[in-house]
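Following: one structure in structure tokens, then a few remarks.
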Amino acid sequence: MPERKPFLLRLAPDMHEALARWAADELRSLNGQIEFLLREALRRAGRLPAPSRPGGAEPGKRQRPG
């Protein structure tokens, strides 16, 4: 698992409560929910490289046998 960098985030109380409820609904920690939302936003904006796949295969594409 890649190393994580600690980061202090200040939130308005109403935003904190809404995120905590959402995290609980999805069975995630608050930190996990925030990380999930940020990762999705970065992925949608094209600012996060796609995760590498074993064998270098792209999602939905088959590799030819060597």
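The values are calculated or read from the model by the stated rules, or taken from the named source; none is laboratory data. Computed from a prediction, not measured in an experiment: that's the story for all the values here. Note: ideal-geometry Cβ built from the backbone for every residue, glycine included; neighbour counts use all protein chains shown.
Could you please let me know if R53 is at pLDDT 95 or above and not aliphatic (A, V, I, L, M)?
So R53 does not fit the description; no.
In region 21-50, which residue that is farther than 20 Å from P2 by Cβ and not in a loop (DSSP other than H, G, I, E, B) is modelled with the lowest pLDDT?
R44
Which of the residues that make up region 1-20 are assigned to a helix (DSSP H, G or I) and either of a type in the set (S, T, Y) or surrounded by fewer than 12 Cβ atoms within 10 Å (Cβ to Cβ) (or both)?
Within region 1-20, P13, D14, M15, E17 qualify.
Tally up the residues in region 22-50 that are under 22 Å from L8 (Cα atoms) and acidic (D, E), please.
Selection size over region 22-50: 2.
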